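*Asks:* This is the structure I want to talk about, given as structure tokens.
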Amino acid sequence: MTQSAPTPAPIPVVRLKPKAEARAIRHGFPWVFIDEIVTDRRTKALKAGTLARLEDHDRRPLGLVAVNMASKIACRMLDRNPDAVVNVDWFKARVERALAHRARLYDAPFYRLIHAESDGLPGVVIDRFGDAAVIQPNAAWAEVHLDMLAEAVADVTGVSTIVKNATGRSRALEGLSEETLLLRGALDGPIAVPMNGATYMADLLGGQKTGLFYDQRPNHAFAQRLCKDARVLDVFSHVGGFSLAALAGGAAHALAVDSSAPALELAAAGAEAMGQAARFDTRKGDAFAVMEELAKEGALFDVVICDPPAFAPAKPALHAGLRAYERVARLAAPLVAEGGYLGLCSCSHAADLNAFRNSSARGIGRGGRRGMQIYSGGAGADHPLLPQLAQSGYLKALFFRLD
């Protein structure tokens, strides 16, 4: 007598409270906050990363969600089909859809492959570096299903090396630990990444985030148009984002400023790989202090660009963050030669474009300069924005011409 396969355990159900906005979920908002769901003993006992069926207060299905009762975002929408099965094929379908979009955009496989909720994988970021990929599983459900996700990425893209980068503020908010490790393949030092005619060196295991910031690609390209024969200052340069792009655009000289010696070493390696080492210098130190030192030295540049870290990652830090952005502009503006250009960037979720622009304008004025805005940019098209989720569109880049 043959034994039948065991019946799978029924999927748990999570229900919205009567006053929760089910319409927003139906219209594409991908999150349910902890105060919007019924939290009985059964729901509280669900392990972080559990998949559940989300229903409205009238028990009508809304979709399949990932649950984390330890997070303010208690549920993340995975699939509008409440009966969907999350397996390798499910992951492959999403990776294939994301890859088709990037393949239209770029001739070489260097881009953000998965941009979290916008690509249907909430809390997941994947950057591709040719034959390697870096996965950031920033939500509990992605941590639970990481093996299937990695398998899908390898099968769909053909990459042989996959790194797990599990660091940063997002994981802490999910109650997850930090670690960086090699899941598949091997790495032999930094990877050379071509972008906008420049060559960047990305350290996938020891670098910041995934090793390189692809989001600034279109803003690098705009800056290049200002930099021919120019003296360029790149503050908060990381691995040489704007300064290497400037050299590729014909800058006479570029100076990269950052507090990280390893990042500056990678920037110098990139300049060497481009054959531009003679026109490139680095200066290690606190960016604010270095700008003050440069002012005392009487240094002037045709183009100054400041791309700091997120000073306002969340609403509680907004006011302090805006003051910091104002200070950046105040210190940078006097370093710009008359008729030169100042680029200011923010990757803060909490600071919207208008607030950031106002802080930047105040700082320019306090720095004794006047200017007109000539450009406003965001992240590249490999960082798609989910219209229902403002947080998916975080990057802001402003360029001014100063009198």
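*Asks:* For a Förster distance of 45 Å, can you work out the FRET efficiency between the beta-carbons of Asp58 and Ala390, rounded to the nearest 0.05?
*Replies:* Once the sixth-power term is evaluated, E becomes 0.95.
*Asks:* How do the peptides 319-328, 386-395 rank, highest first, by the average count of neighbouring beta carbon atoms within 10 Å per residue?
*Replies:* Going from most to least packed, we get 319-328, 386-395.
*Asks:* Using a 10 Å cut-off on Cβ atoms, rank the peptides 285-291, 375-381, 267-273 from the highest mean neighbour count down. Walk me through the intermediate numbers first.
*Replies:* Details: 285-291: 16.7, 375-381: 18.6, 267-273: 21.1.
For the peptides 285-291, 375-381, 267-273, the packing ranking is 267-273, 375-381, 285-291.
*Asks:* If the cut-off is a Cα-Cα distance under 15 Å, which aspartates and glutamates reach Lys92, setting aside same-chain residues fewer than 8 apart in sequence?
*Replies:* Candidates past the 8-residue exclusion: Asp79, Asp119, Asp147, Glu151, Asp155.
*Asks:* Before rounding to the nearest 500, sum -39500 (n - 2.57) across all DSSP H runs of length at least 4 in the chain and divide by the residue total; then give [θ] at 222 nm in deg cm²/dmol.
*Replies:* Mean residue ellipticity, 222 nm, calculated: -8500 deg cm²/dmol.
*Asks:* What nm value, rounded to one decimal, do you get for the distance between Glu179 and Lys315 when each label is placed 7 Å out toward the C-beta?
*Replies:* With each label placed 7 Å out from Cα toward Cβ, I get 3.5 nm.
*Asks:* Let me ask something else about it. Find, among the GluC sites (Glu not before Pro) in segment 159-257, those assigned to loop by DSSP (not H, G, I, E, B) with at most 16 other beta-carbon atoms within 10 angstrom.
*Replies:* Glu178
*Asks:* When the C-alpha atoms of segment 134-215 are aligned to their principal axes, what extent does each axis show, in angstrom, from largest down?
*Replies:* Here the spans come out as 39, 28, 22 Å, largest first.
*Asks:* Then there's this: In debye to the nearest 20, how big a dipole does segment 145-201 give about its Cα centre with +1 on each Lys and Arg Cβ and -1 on each Asp and Glu Cβ?
*Replies:* 180
*Asks:* For segment 1-138, with equal point scatterers placed on the C-alpha atoms only and solvent neglected, what are the log10 I(q)/I(0) values from the Debye formula at q = 0.10, 0.16, 0.22 1/Å, to two decimals?
*Replies:* -0.41, -0.87, -1.30
*Asks:* At a Förster radius of 45 Å, what calculated FRET efficiency corresponds to the Cβ-Cβ distance of Ala278 and Val13, to the nearest 0.05?
*Replies:* Using R0 = 45 Å, I get an efficiency of 0.10.
*Asks:* Any chance you could tell me what percent of the C-alpha pair distances in segment 271-403 go past 18 Å?
*Replies:* Counting pairs separated by more than 18 Å, the tail of P(r) holds 57 percent.
*Asks:* Using the crude model of +1 on Lys and Arg Cβ and -1 on Asp and Glu Cβ, and no other charge, please compute the dipole size for the chain relative to its Cα centre, in debye to 20.
*Replies:* So the magnitude is around 1340 debye.
*Asks:* Name the most mobile residue of Pro262, Pro316, Pro218, meaning the one with the largest mean-square fluctuation, in a Gaussian network model of the chain with Cα contacts below 10 Å.
*Replies:* Most flexible of the set in this elastic network: Pro316.
*Asks:* What distance in nm lies between label points placed 7 Å from Cα along the C-beta direction at Glu293 and Glu21?
*Replies:* Here the modelled spin labels are 4.9 nm apart.
*Asks:* Given a Förster radius of 35 Å and the C-beta distance between Ala337 and Ile34 as r, what FRET efficiency does 1/(1 + (r/R0)^6) yield to the nearest 0.05?
*Replies:* 0.10
*Asks:* Let me ask something else. Just the number, please: Stokes-Einstein D of the chain in µm²/s, Kirkwood Rh from C-alpha pairs, 37 °C, 0.692 mPa s.
*Replies:* Working: Rh = 22.6 Å.
The estimated diffusion coefficient comes to 145 µm²/s.
*Asks:* About its Cα centre, how strong a charge dipole does segment 317-403 have in debye, to the nearest 20, once Lys and Arg get +1 and Asp and Glu get -1 at the Cβ?
*Replies:* 340
*Asks:* Can you run the Rg to Rh ratio on segment 83-179? Use alpha carbon positions and the Kirkwood inverse-distance Rh.
*Replies:* Taking Rg over the Kirkwood Rh, I get 0.95.
Rule-based calculations on the coordinates, nothing more; no lab input. Quick caveat, the model's predicted, so the values are computed rather than measured. Cβ: placed from backbone, ideal geometry, glycine included. Neighbour counts: every protein chain shown.
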